[in-house]
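Remarks on the structure that follows.
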Amino acid sequence: MTTLRSTDGAGSGRRRTDHRARWTLLGSAGLLALGTPLVAGATAGATTHVPSTVVRAAPRGKLGDILVTQAGATLYEDTAGPCTGGCASVWPPLVVPAGSKVKAGPGVLRADLSTTSVGGVRVLTYDGHPVYTFVGDSGHSTNGNGDGPFVVVPVPPG
C-alpha cells in the first residue's frame, strides 16, 4: 500500500492511498506460490520468469560446509526416511514448485541435486535424500542438528 500526496496544484496536502501496488504484489506472490510463471510485460518480446530453487554450500563452524538455501537457511536430512504428516509440520521439506528449476549454487554440484515426491509434494533431494528445514531455526542456526534422525547435510569440499 502506497500513500501519495495530492498533486491537484492547490497544495491541499491531502493524502490518498493507492491500493493497486498492494494487490499487484499480492497477486505476483500468489502466482509464485502456486508455481505459475509470471509474464513480464505485455508487449512483443515479453519474457517469462520461471522461478528457481537454489541451494548452496555454507560454512557452519565445527560442522564444516553444509547445504543451505539461497537465503542461508540450514537444510537437513532425515536418516530414518521420508518425513510426512505431522513430522512435516516441524520439518517442512524444501518444496520445488511446479515449473521451477533446481539450481546448484556455489559449492554444490548440480549432479547431486534432483527432486522426488514426498507426501504428494515435489521436494528437493541431495544425493538422493529429501532435504528439510526446521521450524526451530532462525537465520543461519543449526538447532535441528541431531534432533532425532535429522542431521545437517554435509557438502564435501571442492
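Read the figures in this text as sums done on the coordinates, not as results from a lab. Worth saying up front: this structure is predicted, and the values here are computed from it rather than measured. No Cβ is skipped: glycine too gets one built from the backbone with ideal geometry, and neighbour counts run over all protein chains shown.
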**Study point:** Simple spin-label estimate for residue 79 and residue 147 in nanometres, 7 Å along Cα-Cβ
**Key:** 1.7 nm
Practice item. Could you work out the Rg to Rh ratio of the range 58-158, with Rh taken as the Kirkwood radius (inverse of the mean 1/r over all Cα pairs)? Key: 0.93
Study note, to complete from the structure: Per the 1/(1 + (r/R0)^6) rule, R0 = 25 Å and r from the Cβ atoms of residue 103 and residue 137, FRET efficiency to 0.05 is 0.70
